[in-house]
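The values are calculated or read from the model by the stated rules, or taken from the named source; none is laboratory data. Given the structure is predicted, the values throughout are model-derived calculations rather than measurements. All Cβ positions, even for glycine, are placed from backbone atoms using ideal geometry, and neighbour counts span all protein chains on display.
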């Protein structure tokens, strides 16, 4: 047996990839050794133990692991919880692993030693323990991603989405033994108890070393410097001769330029070792063959992979993109990393540590973060750093609002001047954005040919105004007054405009009638269930067309106009707003605003309307900006 005396250093974890959870973790040694003398050569043929041979394997049976490659334009969203997402990540990111290092979590934390062996063998490490043989079956969802090869976070045009039938890998492993079978693993180098496997097992033992007299002073200094349980200690690693030959073959293969994973140093990566020690060191990452792994940081700054047994969380490497905000679209580094990914990627954020809403399609949000066109004024998320000042109405004439008093060019100039009066009123970090709110379907006193009491504005006229607003850098909201028809039906009729990145949607419940009602005799209402149908569809429009966040407004001046408001569904693709559009005396308007904004849900944003003719005393921009809570959409009618 070959013996090696090595010092356990927590920084060794950063040499590899790690996902530690209750059942299974991964430490992926992607490093390559070079320049060492070795008698091993690259041969073909059967392994010396009679196990499954891998083409190109050395006489020892060694062959490098092969990272998986996802087709460009695809990603795999690994559902499940922290207890099973690590195994699912392993299954997707490693294609073949003829040699695997395992470490038994219950035999003591020997992750540094396993990491070193993994690096020398160009092999993954599977940390087994607890219920490792039968972890929960991960839930897997697939999605498509636009080709990010030429995309950038500052792109101003939408990338072409990948075909909906683009194949994406699936995850079906249910245990370590099945994982090793999937990889074609013929040899397991095990520290502690190995997993159940048909592969040949080479046992590696790790024991504490007895300090020599010459080490006494150093040990004393270490004790003074590190008096807690995270202090390092000397260990002896006993490596079987067969494993020594495998290491020599790996070294020789790297020196000869064998097809082991190409690697380049990445930026420094932070990790937490198994014993709780913090580590920061340069990692080694594959830049050409491995899928990008996307994770999210928790409040403590470590990768959000948690265990019920230990709080251990180590940085996922080879290569990795991490976002720290609740919304990945705000993270410029993440946006750049995903946009530059040469192949597909894996979203490895367990559902139990994802930002709200936890059931959202965060994979599509990350796609948008990297490749979606930006909003007017920049960015991909609407609020809280933006306030819209909008003119409301219909181009057909002044009866429906201030917008109809001018042509498109005049209306643009008018709202730009009005928005400029708000500059600086919300603080230096909030931009004021001019906007239009155009009535796209108009409440009608007559039933009309379809009996719905709602007239559709000509789509060509709407398009003309949207085009002019887009060219001027304005945001546009299309308002629906549906009469007796449902909001979703009317929204789908203007989808050709809603697929634009600067066009949002407004629902006006005042004009939503029941089958026996007519306008101006009753004030309309809408159920939350109907609004949720619209929001689900509109969120799908954002996902399917790779768009930035889109504004969804619900007009309201009575709580009864929108029933069961707490049941509204949050979608990260949308910024959902209740716009308080009451008119009259300012004290009455303040009371209405306070009443409506006193109820949630918490994800709602708020809007305010000023009426030139119907208000008693027009509120100044300074007074409007002082409204609490602050409105993020101020319209004028």
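What single numbered condition from (1) under 10 Å from the mean Cα position of the chain (by Cα); (2) at pLDDT 85 or above fails to hold for residue 375?
Failing condition for residue 375: (1).
If you go through region 445-459 one residue at a time, do you hit one that is assigned to a helix (DSSP H, G or I) and modelled with pLDDT of 95 or more? Walk me through how you get there before you give the answer.
Residues of region 445-459 that are assigned to a helix (DSSP H, G or I), as a first pass: 459.
Then drop every residue that is not modelled with pLDDT of 95 or more, which leaves 459.
For region 445-459, residues assigned to a helix (DSSP H, G or I) and modelled with pLDDT of 95 or more: present.
Please count how many residues of region 563-572 are touching a residue at least 40 places away in the same chain (Cβ under 8 Å) and surrounded by fewer than 23 Cβ atoms within 10 Å (Cβ to Cβ).
Counting residues in region 563-572 that are touching a residue at least 40 places away in the same chain (Cβ under 8 Å) and surrounded by fewer than 23 Cβ atoms within 10 Å (Cβ to Cβ) gives 3.
Filter region 53-65 down to residues that are at pLDDT 80 or above and out of contact with any helix residue (DSSP H, G or I) (no Cβ under 9 Å at 6 or more places or on another chain), then give me how many there are.
So the answer is 0.
Could you please give the count of residues in region 593-626 that are within 20 Å of residue 561 (Cβ to Cβ), surrounded by fewer than 12 Cβ atoms within 10 Å (Cβ to Cβ) and in contact (Cβ under 8 Å) with a residue 60 or more places away in the chain?
0
Could you tell me which of the residues 351, 324 is at pLDDT below 85, within 23 Å of residue 80 (Cα to Cα) and surrounded by fewer than 17 Cβ atoms within 10 Å (Cβ to Cβ)? Steps first, answer last, please.
Values: 351 fails: surrounded by fewer than 17 Cβ atoms within 10 Å (Cβ to Cβ).
Step by step, each of 351, 324 is checked, and only 324 is at pLDDT below 85, within 23 Å of residue 80 (Cα to Cα) and surrounded by fewer than 17 Cβ atoms within 10 Å (Cβ to Cβ).
Identify the single condition in (1) surrounded by fewer than 15 Cβ atoms within 10 Å (Cβ to Cβ); (2) at pLDDT below 95; (3) within 30 Å of the chain's Cα centre (by Cα) that residue 629 does not satisfy, given that it satisfies every other one.
Every listed condition holds for residue 629 apart from (2).
Being at pLDDT below 50, assigned to a loop (DSSP other than H, G, I, E, B) and out of contact with any strand residue (DSSP E or B) (no Cβ under 6 Å at 6 or more places or on another chain), is that true of even one residue in region 212-226?
yes
List the helices (runs of 4 or more DSSP H) that sit entirely inside region 322-441 and contain at least 1 residues that are farther than 30 Å from residue 90 by Cβ.
By residue number, 408-420.
Of the residues that make up region 520-528, is at least one surrounded by 22 or more Cβ atoms within 10 Å (Cβ to Cβ) and either assigned by TED's automatic domain parsing to the domain that holds residue 611 or outside any loop (DSSP other than H, G, I, E, B) (or both)?
Scanning region 520-528, I find at least one residue that is surrounded by 22 or more Cβ atoms within 10 Å (Cβ to Cβ) and either assigned by TED's automatic domain parsing to the domain that holds residue 611 or outside any loop (DSSP other than H, G, I, E, B) (or both), so the answer is yes.
Pick from region 71-91 the residues that are in contact with a strand residue (DSSP E or B) (Cβ under 7 Å, 6 or more places away or on another chain) and surrounded by fewer than 24 Cβ atoms within 10 Å (Cβ to Cβ): which of them is farthest from residue 340 (Cα to Cα)?
Filtering region 71-91 for residues that are in contact with a strand residue (DSSP E or B) (Cβ under 7 Å, 6 or more places away or on another chain) and surrounded by fewer than 24 Cβ atoms within 10 Å (Cβ to Cβ), the one farthest from residue 340 (Cα to Cα) comes out as 79.
Could you check how many residues of region 601-626 are part of a strand (DSSP E or B) and closer than 23 Å to residue 423 by Cα?
6
Name the residues in region 538-549 that are buried (at least 16 other Cβ atoms within 10 Å of the Cβ) and assigned to a helix (DSSP H, G or I), would you?
538, 539, 541, 542, 543
Just one of the numbered conditions (1) surrounded by fewer than 18 Cβ atoms within 10 Å (Cβ to Cβ); (2) over 39 Å from the mean Cα position of the chain (by Cα); (3) on the phi < 0 side of the Ramachandran plot is not true of residue 400; which one?
(1)
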